[in-house]
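The values are calculated or read from the model by the stated rules, or taken from the named source; none is laboratory data. The structure presented is a predicted model; accordingly, all values stated were derived computationally and were not measured. Here Cβ is always computed from backbone atoms with ideal geometry, including for glycine, and neighbour counts include all displayed protein chains.
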Amino acid sequence: MRGLALFVAGILAGGLAVHTAVAQNQNRGPNRGVVGLNHVGIIVPDLDKAVEYYTKTMGFPEAFRFVNPQGQVQLVYVQISQNTFVELQPANGRPLGVSHFGLHVENMNAATAMFKARGANVAETTLSGTKAILSNIAAPDGIRMELSELPPESLHRQAMNRW
């Protein structure tokens, strides 16, 4: 668990640096419309223990949680900074560890068109239960990148605005 925490901390620190650089150059760089790294998704064996660790030990406040219609918690977001989160999901039979990283994009249609034009394997766009507009890119190495457009009604944007 300590190794995973250090890995996530490194990813987030690097992501914050990238976020700042991208935010300053998003209209001039090659990835126009990519705002920055928004989150890292982690599949955990015990969601309650993970939430307790990240909120109490690490001091990252719980930003929001999504509960499915059956009343089961599907994910919990803890907030590192205004625009950066860790997404915690229960394993439910899936392998433990980092499942994906999320990029915040200004406009999903423009972002998916840009990445498709470059040859990326871009999935269909969907609206999540959290009201974020999502698409996924499957990298050849198996890493999943989640593109997230965050309209005002999304739980992500609401948490960012509360910060």
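Side notes on the structure shown:
- Of all residues in the range 82-105, those being more than 13 Å from the chain's Cα centre (by Cα) and in a strand (DSSP E or B) number 2.
- Search result, residues across the range 68-80 that are surrounded by 13 or more Cβ atoms within 10 Å (Cβ to Cβ) and either more than 13 Å from the chain's Cα centre (by Cα) or closer than 15 Å to residue 129 by Cα (or both): 73, 74, 75, 76, 77
- Residue check, residue 65 more than 17 Å from residue 32 (Cα to Cα), among the basic types (Lys, Arg) and within 15 Å of the chain's Cα centre (by Cα): yes
- Sole residue being without any contact (Cβ under 8 Å) to a residue 12 or more places away in the chain and closer than 18 Å to residue 82 by Cβ, chosen from 140, 152: 152
- The residue of the range 106-124 that is surrounded by the most Cβ atoms within 10 Å (Cβ to Cβ), among those that are aliphatic (A, V, I, L, M), more than 18 Å from the chain's Cα centre (by Cα) and assigned to a helix (DSSP H, G or I), is 114.
- Among the residues of the range 129-150, those identified as part of a strand (DSSP E or B), under 14 Å from the mean Cα position of the chain (by Cα) and not basic (Lys, Arg) are 133, 134, 135, 136, 137, 145, 146, 147, 148, 149.
- Picking from residues in the range 129-163 that are acidic (Asp, Glu) and crowded, with 19+ Cβ neighbours inside 10 Å, the one that is farthest from residue 109 (Cα to Cα) is 146.
- Taking the listed residues 91, 111, 117, the one that is over 17 Å from residue 36 (Cα atoms), hydrophobic (A, V, I, L, M, F, W, C) and out of contact with any helix residue (DSSP H, G or I) (no Cβ under 9 Å at 6 or more places or on another chain) is 117, with no other qualifying.
- Any chance residue 8 is within 15 Å of the chain's Cα centre (by Cα), within 22 Å of residue 137 (Cβ to Cβ), at pLDDT below 95 and surrounded by 17 or more Cβ atoms within 10 Å (Cβ to Cβ): yes
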